[in-house]
1. By the scheme Lys and Arg +1, Asp and Glu -1, what is the net charge of all other residues having a beta-carbon under 12 Å from that of LEU94?
2. With only alpha-carbon atoms counted, please give the Rg and Dmax of the range 73-150, in Å.
3. From the backbone phi of the range 196-213, what are the Karplus-calculated ³J(HN,Hα) couplings (6.51 cos²θ - 1.76 cosθ + 1.60, θ = phi - 60°) in whole Hz, Gly and Pro given as x?
4. What is the count of Lys pairs in the chain whose alpha carbons sit under 27 Å apart, if the two are 8 or more places apart or on different chains?
5. Ignoring ligands, DNA and RNA, what percent of the accessible area of the chain is carbon or sulfur (1.4 Å)?
6. Using the crude model of +1 on Lys and Arg Cβ and -1 on Asp and Glu Cβ, and no other charge, please compute the dipole size for the chain relative to its Cα centre, in debye to 20.
7. Just checking my list [x] 38, 19, 16; [y] 59, 24, 17; [z] 87, 13, 11 against semi-axes √(5λ) of the Cα gyration tensor in Å computed from this structure; which label fits?
Amino acid sequence: FNPTGASRTSTVDQDYNPINHSVFTNNSRDRWYNYALNAELRTQFDTTGRELVVTADYAKYWNITKQAFSTTKYNNENLITDQTFLTGDQGGVLNLFAGKADYTHPLKRDAKLEMGWKSSYVTSDNNVKFYNNLNDQLFFDTARSSHFLYSEIINAAYINFNKTIKKVTMQFGLRGEQTIADGKQMLNGQTFHRNYPLIFPTAFIDYKINEKHALNINMG
């Protein structure tokens, strides 16, 4: 899509007499692309409900944006007093990878065990470049520009135990995650690195009083 914009700003004195005015224009040309791939394997081992589900996902998003800005200032006699031109060249690429496996294992006496694993990997490259146009020569604008690289890996595993005893249904679970993230600002060399594990316990208890009422408590 090709958005355009124009605005006019007028300056007046305390008696609302015009002093000067300026005109700002913006013309852009945006192109956005994406595609995604998905695969799933589902295996049922027997009629008791033992099941394994494995999935893999990949998606890519990227964009190309060209921009042209102009600001023209006029005096009270409608003569040009100043004119500036700024061009923008913006691009970004985002890659998403994910894989997971979930296993369900029924137990005796209305009990069930669930466990699974998931890993995701994300990379992004955002490059925003601006140039001042002076006499048809482009000068890189470091104050407005940015080039940022980012990557993130998340590994997670969980296990849940579910059991029903007459009117009471209980579920207890534990999930662990590890996040590794890196970022770098290419223009000034600033970087950051994060690597931290997290543990998430959960508990859920539901008591069915009758067909219309129930009490439950959960913690997470």
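The values are calculated or read from the model by the stated rules, or taken from the named source; none is laboratory data. On a predicted model such as this, the values are computed, not experimentally measured, just so you know. For neighbour counting, all protein chains shown are included, and Cβ atoms are generated from backbone atoms with ideal geometry for every residue, glycine included. What goes into the accessible areas is simple: the full protein's heavy atoms, side chains included, and nothing from ligands, DNA or RNA. Shrake-Rupley method; radii C 1.70, N 1.55, O 1.52, S 1.80 Å.
1. Overall, the nearby charge balance is -1.
2. Rg and Dmax of the range 73-150, Cα atoms, are 27.6, 91 Å.
3. Coupling constants for the range 196-213: 8, x, 9, 10, 10, x, 9, 8, 9, 10, 10, 10, 8, 6, 7, 5, 10, 10 Hz.
4. Final tally of qualifying lysine pairs is 29.
5. 56 percent
6. Values: 23 positive and 21 negative charges, 253 e Å.
Dipole size: approximately 1220 debye.
7. Matching the structure shown: [y].
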